[in-house]
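Nothing in this text is a laboratory measurement; each read-out follows from the coordinates by a stated rule. Please read these numbers as outputs of a predicted model, since none were measured by experiment. Positions of Cβ are generated from backbone atoms using ideal geometry, with glycine treated the same way; all protein chains shown enter the neighbour counts.
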Amino acid sequence: MLPPSVHAQLAAILPGEALLTAPEATRPYECDGLTLFRELPAAVALPDTEAQVVAILRACHAARVPVVARGAGTGLSGGAMPHKDGVVLSLAKFRRILAIDPLARTAVVQPGVRNLAISEAAAAHNLYYAPDPSSQIACTIAGNVAENAGGVHCLKYGLTVHNVRRVRGVTIEGEVVEFGNEALDAPGYDLLALINGSEGLLAVITEITVKLTPKPQFAQVALAAFATIEAAGEAVGKVIAEGIIPGGLELMDQAATRAVEQFVHANYPLDAAAILLVESDGTPEEVSAEMADIKRVLTDSGATEIRVSKDEAQRLLFWSGRKAAFPAAGRISPDYYCIDGTIPRKALSGVLHKIAEWSAEYGLRVANVFHAGDGNLHPLILYDANVPGEADKTIAFGDRILDLCIEVGGTVTGEHGVGVEKLRGACNQFAPAELERFLGIKRAFDPHALLNPGKAVPTLARCAEFGRMHVHGGELKHAELPRY
């Protein structure tokens with residue numbers, strides 16, 4: 001429950017319908033796309049101007065009330081889960097595209113603009129916004145910045161951090177700040193890179209300038225089928241080793257293709273253990289030459305079948321299955337848990353084999369879909385939350401996959417963030433001194449830890465509660481916790 005004085009201040013800042021406190025009104029905000037973790041907030045604020053955001057943050061800061069910024073709620077790490085004594089600050093009403101500059105190839109947008117809407121608006125200038133998460137039809141650009149989201153074309157065109165020029169935001173104290181510059185560079189420390197992937201811990205984003213990319217003249221996708229998932233994983237490394245940087249390079253296993261085929265009817269080869277989608281884009285001549293190389297490498301890697309899209313409609317159809325993988329999982333399981341770890345490409349085959357072994361051990365099905373080109377795994381563990389103990393078993397399975405990612409030289413997250421989901425994994429990955437550096441940055445922006453508290457960067461005390469382990473020499477070992 002909010003302190004009465006804070007409630008009165010927020011009620012004075014916002015119209016009545018823009019401040020929600022009744023449980024039935026705040027219920028839709030209790031979680032993001034990771035439904036395993038839920039909490040009702042004390043209040044939900046829905047401002048529609050930056051001035052209101054400033055006033056809300058100042059009021060909450062003065063009363064030491066926690067604030068969790070929220071976009072579309074499509075995140076998958078619990079990063080937007082509310083604080084029970086805090087305010088959810090929704091940016092859903094900030095939906096305007098403020099400017100498009102086709103000469104500078106930039107767009108200035110508000111935080112609640114959907115990812116796909118930017119490309120739709122820029123299409124008249126033959127431009128688009130390159131990062132394309134699978135949830136791009138719904139996810140917001142500020143959420144993309146908060147998590148440093150990628151997408152199926154991130155291998156060639158980069159993550160969000162590579163496609164954002166400037167971010168305007170408000171600190172917990174109500175100070176309006178800007179990171180970066182509309183030019184190609186800005187003086188001083190690269191705080192723009194710091195705000196990307198900051199998971200709402202440093203500032204509330206109110207405006208973003210993104211880089212737009214010219215649409216390629218032509219694009220084709222090769223769909224390659226493989227008899228084993230390990231062979232598909234090895235083919236990924238061979239494509240990159242050949243010096244080919246595809247526009248997209250994605251892997252789906254049989255469980256995933258069978259689920260999405262019922263959903264999008266892409267005519268995937270359902271007898272294949274795994275498929276690769278490999279895209280080439282550029283001029284028609286460049287695509288023709290590169291596609292010949294791609295087909296040769298895939299054939300040499302043991303592909304049992306290769307199909308190349310005949311036209312733009314078929315190319316989009318091939319991709320539609322990959323982009324629909326998460327919702328399609330909901331058709332074959334009551335619940336699913338999407339893991340987000342990143343590993344070196346050379347480790348793909350071995351990690352996929354281990355996941356299959358553990359799937360049998362835990363008695364839980366797994367559908368694998370991921371950004372194979374940069375080693376960003378997204379195993380979907382299928383479970384039923386109504387079965388006693390199954391959710392706990394699912395979390396244990398997921399933690400084991402993330403530990404494996406660290407062991408093989410990877411990380412506990414790629415593009416979904418740490419949120420609340422991977423706090424234990426962050427304890428495993430980072431030494432106490434590293435975590436203290438992260439917490440020092442947090443304190444510089446938010447001394448009282450009011451913005452999205454308890455997320456992304458675990459305290460040393462929290463790691464001790466987890467029975468903290470730290471990776472050293474390829475093995476997980478208990479680490480000594482120094483006194484600070």
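Annotations for the structure displayed:
- Amide H within-cut-off set for Tyr336, under 5 Å, with H built and near neighbours excluded: Tyr383
- Of Lys323/Lys354; Lys238/Lys310; Lys93/Lys310; Lys215/Lys310, those spanning more than 30 Å from alpha-carbon to alpha-carbon: Lys93/Lys310
- Cysteines without a disulfide-compatible neighbour (Cβ-Cβ under 4.7 Å), the chain: Cys31, Cys60, Cys139, Cys154, Cys338, Cys405
- With the simple model of a label 7 Å out from the Cα in the direction of the Cβ, His353 to Asp384 spans 3.3 nm.
- Candidate cross-link partners of Lys442 among the lysines, defined by an alpha-carbon separation under 26 Å and a same-chain spacing of 8 or more, comprise Lys84, Lys422, Lys455.
- Shown in residue order for the stretch 42-50 are the 3J(HN,Hα) couplings computed by the Karplus curve 6.51 cos²θ - 1.76 cosθ + 1.60 at θ = phi - 60°: 5, 7, 10, 10, 10, x, 10, 9, 5 Hz (x for Gly and Pro).
- Each label was represented as a point 7 Å from its Cα along the Cα-to-Cβ direction; for Arg95 and Ile441 these points are 3.3 nm apart.
- Radius 14 Å from Cβ of Leu212, net charge of other residues (Lys, Arg +1; Asp, Glu -1): +1
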